[in-house]
Amino acid sequence: REKQQVNKVRIREKQRTVEFRSRPNVRERSRRHAERYRQLYPEKLAARRVVRRLLSNGLLVRPEICESCGERPQPRIDGGAGIHAHHHKGYSNAAEVQWLCALCHSAAHRSMPYQEPPIVTLRKPEQV
């Protein structure tokens with residue numbers, strides 16, 4: 001019974017999210033944010049793309065156990081894997097990743113020094 005209730009809440013939250021994201025101002029703001037992120041961090045996106053391709057081609061295997069704490073995390077609520085690829089030595093060698101659970105991954109990012117993002121000026125869309 002509790003599981004049915006949880007599923008109803010998830011479905012209701014999903015519907016609310018879909019309705020919210022379908023608003024024109026939210027879609028535009030999300031598009032602008034994604035564009036800015038692509039301009040600021042092209043190396044991150046390229047490294048993530050490489051890892052996804054290697055995983056899908058079977059050349060890289062996602063382990064079930066965290067390399068840091070040794071725990072076997074539960075899958076995420078949305079069905080995603082509980083283990084994340086962490087580019088601990090930078091993005092130049094994209095296939096060299098450390099596989100971490102969500103807790104160890106966030107701890108690894110907290111221990112990293114803060115880097116100020118580069119300043120990028122966005123071009124306004126041309127008016128038609």
* Find all pairs meeting these conditions: Cβ atoms under 6 angstrom apart; at least six residues apart or on different chains; first residue within region 24-46 and under 21 Å from residue 85 (Cβ atoms) and in a helix (DSSP H, G or I); second residue open to solvent by less than 60 Å² (accessible area, probe 1.4 Å) and among the β-branched types (Val, Ile, Thr). => 40/120
* Asked: Can you spot a residue in region 94-102 that is modelled with pLDDT of 80 or more, assigned to a strand (DSSP E or B), more than 26 Å from residue 21 (Cβ to Cβ) and among the polar types (S, T, N, Q)?
  -> yes
* Asked: Can residue 8 be described as in a helix (DSSP H, G or I), modelled with pLDDT of 85 or more and more than 30 Å from residue 88 (Cβ to Cβ)?
  -> no
* What are the residues in region 21-44 that are farther than 25 Å from residue 89 by Cα and surrounded by 10 or more Cβ atoms within 10 Å (Cβ to Cβ), if any? -> 21, 23, 26, 27, 28, 29, 30, 31, 32, 33, 35
* To do: Please work out which residue is surrounded by the fewest Cβ atoms within 10 Å (Cβ to Cβ), limiting yourself to region 45-77 and to residues that are of a type in the set (Val, Ile, Thr) and within 13 Å of residue 95 (Cβ to Cβ).
  => 61
* Residue selected from region 85-105 under the condition open to solvent by 40 Å² or more (accessible area, probe 1.4 Å) and touching a Lys or Arg at 6+ places or on another chain (Cβ under 9 Å), by the criterion farthest from residue 65 (Cα to Cα) -> 91
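The values are calculated or read from the model by the stated rules, or taken from the named source; none is laboratory data. Because the structure is a prediction, the values reported are computed rather than measured. Cβ sites come from the backbone with ideal geometry, for glycine too, and all protein chains shown count toward neighbours. Accessible surface is based on the protein model in full, side chains and every heavy atom, while ligands, DNA and RNA are left aside. Shrake-Rupley method; radii C 1.70, N 1.55, O 1.52, S 1.80 Å.
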